[in-house]
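These notes are about the structure you will find just below.
Only the coordinates and a few stated rules stand behind these numbers; no lab work does. Bear in mind that the values here come from a model prediction, so they are computed numbers and not experimental data.
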Amino acid sequence: MEIKTFGVIGAGQMGNGIAQVAAASGLDVIINDISEEFVQRGYKAIDKFLSKSVEKGKLAAQEKEAILGRIKISTDIKDMAAADFVVEAATETEDLKFKIFRDLDQICKPHAILSTNTSSIPIGRIAAQTKRPEKVIGMHFMNPVPIMKLVEVIRGIATSDETFRLTWILSEKFGKTPAEANDFPGFIANRILMPMINEAVFALYHNVGSREAIDTVMKLGMNHPMGPLALADLIGLDTCLAIMETLYDGFKDSKYRPCPLLRKYVEAGWLGRKSGRGFYEY
């Protein structure tokens, strides 16, 4: 199967980044969200990123225009009928993702592959919402998508070898390095990363150290490019909480219990960079 048109559901930080790398690889892209405001915001974020690349001499102005010209914006999910491959990059909520996949299953062409950028929800659970579970797969990009090289490729129990092969090839076409993960809650990346972030929040909660001290120890002592609390703010504290709850629910192991302070911040609307306040102020 040849993939010519690539669909993205969700024009937020992850979705617009995925749309950008897909368009940069030469594919026609349809980026969809629930409102004109959201999808325009996503398109402008792509334009801004590409403009900075032009200013730095990393991208020709003509290529920037060519990339933008391959992106079509949409507020009607029925537009995904034209896509050969779709990535869902909506909020990390099971019910929402389930509805999107049920809708895509009805709308998309029979040969179309449906993938999810979920960071923790089991692929098999999502695939079960469709009548094409063999064509459902996880394609977990890292943030920020245009810069980060990794894509976790996660096959559900019903995912076919052909779906896996095409997804792997597509990841490489995007200039990414794919890594195969099996279908467990959190997969590889977040099963390791999120408990570390959660433990950093517990350290702050128990007053083991200040936010600056905790992040400095991890940056200078463990050579991490960013401290765990600053990283949580970048990811979004609501996303971190949702992933920890998925891990806790999936494994029933107390080591995955979300820190009460993380939950308190989310309930207060302190979600990190996107809300202007998390563990730090922005």
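Given an 8 Å cut-off on Cα distances and at least 6 residues of separation, report the relative contact order of segment 146-282 as a percent.
20 percent
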Discussion item. Past 31 Å, Cα to Cα: identify those pairs from Lys97/Lys176; Lys48/Lys264; Lys4/Lys97, in the order given.
Written reply: Lys48/Lys264
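What is the chain's relative contact order, in percent, from Cα pairs under 8 angstrom and six or more apart in sequence? Numbers along the way, then the final one.
Details: 515 pairs, mean separation 38.0, N = 282.
Relative contact order of the chain: 13 percent.
Wrap a convex hull around the Cα atoms of segment 1-61, take a quarter of its surface area, and give that in square nanometres. Write out the running numbers ahead of the final one.
On the way: hull surface 18.1 nm².
Mean projected area of the Cα convex hull: 4.5 nm².
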Worksheet entry | Average silhouette area of segment 49-140, convex hull of alpha-carbon atoms, in square nanometres | 7.1 nm²
Discussion item. Could you derive backbone 3J(HN,Hα) for segment 130-135 from the dihedral phi with the Karplus parameters 6.51, -1.76 and 1.60 (θ = phi - 60°), listing whole Hz in sequence and x where the residue is Gly or Pro?
Written reply: 10, 9, 10, x, 5, 10
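Tell me, in nm to one decimal, what length is gained between Ser35 and Met148 on full extension, where the rule is 0.36 nm per residue of separation less the Cα-Cα distance? Each step should come with its number before you reach the end.
Details: separation 113, 0.36 × 113 = 40.68 nm, distance 2.77 nm.
Length difference between fully extended and current span is 37.9 nm.
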Item to complete: Express in whole angstrom the spacing between the alpha-carbon centres of segment 103-146 and segment 1-52.
Response: 17 Å
Worksheet item: So what's the back-of-envelope 222 nm ellipticity for the chain, counting only DSSP H runs of four-plus at -39500 (n - 2.57) apiece and dividing by all residues, rounded to 500?
Response: -14000 deg cm²/dmol
Worksheet, complete the sentence: Here D for segment 155-282, in µm²/s, from Stokes-Einstein with a Kirkwood Rh over Cα pairs at 25 °C and 0.890 mPa s, works out to 152 µm²/s
Worksheet, complete the sentence: Stretched fully, the stretch from Thr75 through Val54 gains (0.36 nm per residue minus C-alpha distance, one decimal, in nm) 4.7 nm
